[in-house]
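K.L.:
Structure below; questions to follow.
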Amino acid sequence: MAGMPGGAAAGAPVEVCIQSATFEPPADAQASGAECTNQPFRREGDAMVGGATCTMQGMKTDSTIRVTGDFSSRYVMEVKTRMDPAPSPTMAETTMTTTAERIGDCPAA
């Protein structure tokens, strides 16, 4: 995660079983006391792009989410966030990249 103090290192791979998905912000994505405006996902070339702007306790965050890939076997999600005022100079702008790939069917329930 670029922009975090000391840089956040990539962790061990995590397996998650996802039965179905859509490009929509989660209903509970807004933190308590935050006022957020979501930009719905839209197609931009080979990517799905969306974002959010939030204000909480005098700080404004602007996040842009860009997802690319074939969306059936692999995708890469990049989240760029700008904070004003930032908690530290190195956190004024951060980028988090997540790579996901299909490894097989979900286990039987």
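K.L.:
Which residues, taken from the range 27-41, are over 17 Å from Val79 (Cα atoms) and at pLDDT 90 or above?
P.N.:
Once the filter is applied, which keeps residues that are over 17 Å from Val79 (Cα atoms) and at pLDDT 90 or above, the range 27-41 yields only Glu35.
K.L.:
Which condition number in (1) within 19 Å of Glu15 (Cβ to Cβ); (2) at pLDDT below 90; (3) of a type in the set (Gly, Ala, Ser); (4) open to solvent by less than 70 Å² (accessible area, probe 1.4 Å) is the one that Ala109 fails?
P.N.:
(4)
K.L.:
Among the residues of the range 42-75 satisfying the criterion of being open to solvent by less than 80 Å² (accessible area, probe 1.4 Å), under 25 Å from Cys17 (Cα atoms) and part of a loop (DSSP other than H, G, I, E, B), which is modelled with the highest pLDDT?
P.N.:
The residue in question is Ser73.
K.L.:
Are any residues in the range 81-98 open to solvent by 40 Å² or more (accessible area, probe 1.4 Å) and part of a strand (DSSP E or B), and if so, which ones?
P.N.:
Selection gives Arg82, Asp84, Glu93, Met96, Thr97, Thr98.
K.L.:
So which of Glu78, Glu101 ends up being modelled with pLDDT of 90 or more and open to solvent by 80 Å² or more (accessible area, probe 1.4 Å)?
P.N.:
Of the residues listed, the single one that is modelled with pLDDT of 90 or more and open to solvent by 80 Å² or more (accessible area, probe 1.4 Å) is Glu101.
The values are calculated or read from the model by the stated rules, or taken from the named source; none is laboratory data. The model shown is predicted, which means the values in this text are computed figures rather than measured ones. When we count neighbours, we look across all protein chains shown, and the Cβ atoms used for this are built from the backbone with ideal geometry, even at glycine. The area values use the complete protein model at the heavy-atom level, side chains included, leaving out ligands, DNA and RNA. Shrake-Rupley method; radii C 1.70, N 1.55, O 1.52, S 1.80 Å.
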